[in-house]
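FYI, it's all coordinate maths here, none of it is from the lab. Note that this is a predicted model, so its numbers are computed, not measured. Positions of Cβ are backbone-derived with ideal geometry, glycine not excepted, and every protein chain shown enters the neighbour counts.
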Amino acid sequence: MPVSRRRFLGGGLAAAAVAVTGTPLLAGCASDKKGTAAANLAVKLPTYTRYGEIKPDLPGTDVVLDGFLKYPANPIKAISEAPGDGKPITFLTNIPGAIPPSVDKNQFWQKLNERLGSELQISMASNDEYKDKFATRIAGGDLPDIINIPVDTVQIPGLVKAKCMDLTEQLSGDAVSKYPFLANIPTEYWKGCVFNGAIYGVPVPRGMSRTSLPLYRADLLAAKGIKDPAPKTFQEFFDLAKELTAAKQNKWAWTRVPLSTIRQMLSIPNVWKEDGGKFTSMYEHEAQLDALEAGRKMVAAGVVNPDAFNDKASARKQWFNGGIAAFDYDSFVAWNQYYSDNTAGPAFSVNMLDVPGFDGGAGAPWMGAALNNVTSFSKNSKHSADTLLKIANWMAAPFGTEEYLFRKYGIAGRHYTLQGTDPVPTKVGVVETGIGVQYISDSALALYWAGKPDVPQNQHTIQTKVAPRLTYDASYGLYSDTQSKKQTQLSKTMLDLENQIVQGKKPVSDWTAAVQTWRSSGGDTMRTELEQAHTEAAGK
Amino acid sequence: MTQTIVARSRAPRKIVQGVPMASWPMRVFKGLVLLVFCAVVIIPFVGVISTSVAPNKQINESGGLVLFPDSVNFGAYESLFAGGVVTQALFISIFVTVVGTLLSLTVSCLLAYALSRPGFAAGRPILLVVLFSMLFSPGIIPTYLVVKGAGLLDSIWALIVPTMVSAFNVIVLRAFFMNLPNEITESARIDGAGELKTFVHIVLPLSKAVLSVIGLFYAVAYWNAFFSALLYLNDSKLWPLQLVLRTYVINDTQLGSAELGTELLPPQASIQMAILVVSIVPILIIYPFLQRHFAKGVLTGAVKG
């Protein structure tokens, strides 16, 4: 099998790091695995103290996000003193967009440095290339003060133990109250920052905002006389898709096969399910064959854009925006992005479907991944943990504060214009603010779209509706060494097969054999490790 | 030169440069085949240029690629060059390409010429070292450590020094130098020229073809390189064009993973296509000037005569 650059970096990182730095970088988790889950559970997580100064128009819960119909008129200045210590702070991160202007040409960055009281030196890479850069710099022993660690990084426990500060003393329990905006991050998110029985980082929370459901072009459906599409079964869902397909006019219902939605209709688990200490993978669920059969039926009926298997996400965006497709499976984040990229004019309207049961009743939607990344601080940093946590605290100031307004939108006049009290980003604003500081830390996201109060209203309605039925990934907060090393490759193999099956290139029956291979290639080991971790944690 | 001959039993056939011309149906057929091949190459290129200047609405409605834009606007190019990031990266790329190519040619020629001289005692072991580097590449992390150890991190020279010598190009140059008639260098020596003078005044002028081709190889490699910049340069101010442009294209895959509200959108197709144009045009401009040397140079070392 050819070894790609990525595989080499992923697989070879541990050996290279040990060889190069002389540190048994990743030995920690291997040698000290037993009992780690219990130790992790023993850690007193930061006490959640909700910041009460901002009153949302649409109050959320621990799951449902707060909604705001407009930006508060007088944003609260929540932090009075600059968090930095006057010395430059280095930060390694991915950035989600195009490369922003460097600090000497970027007024947002300059103002940020001024407000932080320390120069923030950011080393950036695009999302796709970040892992290469991250792995090379770790192996080269060349770590910045603040490190954005993606949650699927191989062997995080060993990495953070060898290279990062233990923040338990500063953050555990009530100690976090010194950093009120870190304390404002719900406890659930901190679980993902605990390794080796200690808190090694600060969360960048996502959760509900990443929950994905079928988005639809409400304006296109309304033009067909469909005001409130709410299919009650898969058959109705399928019929709706057929009604919106007119292949001869270059129009299809779906941008891609909505297999995740079908799986949610069949109550297939969200990655891993735990029942009485036993773990079951989504791949093993008995309804998988039905889901694949249903997906295949949709492709055969021609309701999915025929280029769905070849093109990238940007193509999906174009089809949805251009009205070539009326449905897309994506998150609340994408919902806002569609509005931002609207080329269809003021009529453009997006909404989201709830998931029905396959044969009626209610489906079981999946909760989005809890974290975007964990932010850790290098052990070799010349800054104190307190300084770096103050910076993270500043970055977590929530919606409605003046800090949030600056962090997300920049300087009034240059980076945004006010429409009433709503900041509307300018082109310069979009480019200059995209320097990746949201990955140092962030507040739980808020439902809001400048100048369109119906957007957060619709989002809040659907979130409230699905929240009680959300299914969670049972492996969150539990560490499996095998999962950390093999999950990416194994899930890609399953995804490839899934694509071939729904396209009719392979029979549905191939799935069963593939699951057996998945089990013997690491699936069973993952299960054993997760069950062990769960048992240890539960026994504590 | 064209001449006509008379065949015994058939109509006369034209002979062009010694090759008899095909009958007209065959010529039409060949023309059609060539036309199809040209179309296969040209149409996507036209599509790229057209999409880069087409309005967004039309691109979305057509699903991504436009052949005939409703209207022409250069908004994509304006936004590419507006922030100053692309312009700056363009200068960095030009510097790296020009300086890198000159340095690479100098070092490679000196090495190849030395290796081509009979009687050079250390020639064989050095040649083996050069060949060895073709078989086993050092890998990303060891190279990173060497660059770091040499103090080149966050320096523009990190884009040039580590890739300055290509073993393949050295071998091609060496083969060319070896094929030069010995009589020429010997007569220079008789006239009193030393090795350096022979090399500069006799060998190099005779090697224009191979120097053009190897120069093009180096230039294209420097122009297209992005990965070393990604690894070695933390300050994005020093990033070359290709890496900057890649962030526009690569982040395209991340729809759905960006944040609420203020994060960047995946780029519009027009910007992506403008990027393609910007990144290939400079090389396209150079290419015709070197083309006349290309066939001869590229065969160097492939055929021993």
query: P(r) for the protein assembly as shown: what percent of alpha-carbon pairs falls in each 20 Å bin, starting at zero?
result: 13, 41, 33, 11, 2, 0
field: Farthest positive-ward along the protein assembly as shown dipole, Cα basis, beta-carbon charges - from A:120, A:247, A:237
entry: A:247
task: List A:534, B:201, B:293 from most exposed to least, where exposure is judged by having the fewest other Cβ atoms within 10 Å.
output: B:201, B:293, A:534
field: Approximate spin-label separation residue A:177-residue A:250, in nm, with each point projected 7 Å along Cα-to-Cβ
entry: 6.3 nm
message: Please report, ordered by residue number, every helix of chain B (full DSSP H runs) that is 15 Å or longer along its axis going by C-alpha atoms and whose mean Kyte-Doolittle hydropathy reaches 0.5.
response: B:24-53, B:85-116, B:123-135, B:167-179, B:208-224, B:269-299
task: Quote to one decimal, in nm, the extra length available between residue A:510 and residue A:417 on full extension: 0.36 nm per residue of separation minus the C-alpha distance between them.
output: 27.9 nm
message: Can you tell me which aspartates and glutamates have their Cα less than 12 Å from the Cα of residue A:452? Leave out same-chain residues fewer than eight positions away.
response: A:422
statement: Checked against the positive end of the charge dipole of chain A (+1 on Cβ of Lys and Arg, -1 on Cβ of Asp and Glu, about the Cα centre), the farthest of A:54, A:266, A:134 is A:134
- request: Send over the semi-axes of chain B's equivalent ellipsoid, whole angstrom and largest first, taken as the square roots of 5 times the C-alpha gyration tensor eigenvalues.
  value: 41, 37, 15
- prompt: Nearest 0.05, what FRET efficiency do residue A:275 and residue A:169 give at R0 = 41 Å with Cβ-Cβ as r?
  reply: 0.65
statement: Listing A:147, A:324, B:286, B:43 by rising number of other beta-carbon atoms within 10 angstrom, fewest first, gives B:43, B:286, A:324, A:147
- request: Output the Cα-based Rg and Dmax of the stretch B:117-223 in Å, rounding Rg to one decimal and Dmax to a whole number.
  value: 17.2, 51
query: Fewest to most neighbouring Cβ within 10 Å: what's the order for A:316, A:50?
result: A:50, A:316
- request: Output the pairs from A:133/A:191; A:87/A:427; A:77/A:427; A:55/A:312; A:242/A:427 with a Cα-Cα distance over 28 Å in this structure; if there are none, say none.
  value: A:87/A:427; A:55/A:312; A:242/A:427
- request: Please get the size of the charge dipole for the protein assembly as shown, origin at its Cα centre, with Cβ charges of +1 on Lys and Arg and -1 on Asp and Glu, quoted in debye to the nearest 20.
  value: 2940 debye
task: Please work out the C-alpha center-to-center distance from the stretch A:173-217 to the stretch A:483-540 and express it in whole Å.
output: 27 Å
